[in-house]
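The values are calculated or read from the model by the stated rules, or taken from the named source; none is laboratory data. As the structure is a prediction and not an experimental result, all values here were calculated from the model. Cβ coordinates were reconstructed from backbone atoms using ideal geometry, including for glycine residues, and neighbour counts include every protein chain displayed.
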Amino acid sequence: MTETAPQAQAFLGTGRRKTSVARIRLLPGSGKITVNGRAFDKYFLLETLRMQAVAPLVKTESAARFDVFVSVKGGGPTGQAGAVRHGIARALLASDANLRPVLKADGFLTRDARMKERKKYGQPGARKRFQFSKR
């Protein structure tokens, strides 16, 4: 019978924004971030999106303590960055419950509930109406 080496404790978190869903795995490591099998800076090309996505790690000063593995799908780049931020915050909370006040104060644990409003029948869009004519 062969024994395997013990696995490092992984902390999981799920983040959502608009139609994007991000699944996060935090492992003790050196601070490497991988998104959908690609390097972090190759996936999020804009600096603002990169800053938004790693904001919880920067705020809690734990960027160098964890390797972050992200699986994100749905939506566009901005929604995905927001979902990654939410997921990282939840995973950090799973790793250390004492971080809750810091994460909560900056709103990292709040799910952004704003979604695109659905189109309604009898009109061309969500709010727009067909042109009215009296005759």
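Taken together, the residues in the range 118-127 that are farther than 21 Å from LYS18 by Cβ and surrounded by 10 or more Cβ atoms within 10 Å (Cβ to Cβ) amount to 2.
Counting only residues that are of a type outside the set (S, T, N, Q) and either over 10 Å from the mean Cα position of the chain (by Cα) or at pLDDT below 95 (or both), the range 75-98 holds 9 of them. The range 4-97 holds strands (runs of 3 or more DSSP E) entirely within its bounds, and those carrying 2 or more residues that are in contact (Cβ under 8 Å) with a residue 12 or more places away in the chain and either more than 17 Å from LEU109 (Cβ to Cβ) or touching a Ser or Thr at 6+ places or on another chain (Cβ under 7 Å) (or both) map to 20-28, 33-35, 66-73. Does the range 96-114 include one or more residues that are in contact with a strand residue (DSSP E or B) (Cβ under 6 Å, 6 or more places away or on another chain) and among the small types (Gly, Ala, Ser)? There is no residue in the range 96-114 that is in contact with a strand residue (DSSP E or B) (Cβ under 6 Å, 6 or more places away or on another chain) and among the small types (Gly, Ala, Ser). Within the range 98-108, track down each residue that is buried (at least 17 other Cβ atoms within 10 Å of the Cβ) and either basic (Lys, Arg) or part of a loop (DSSP other than H, G, I, E, B) (or both). Hit for the range 98-108 is PHE108, nothing else.
A single member of ILE88, ILE33 is over 30 Å from PHE130 (Cβ atoms) and in contact with a Leu (Cβ under 7 Å, 6 or more places away or on another chain), and it is ILE88.
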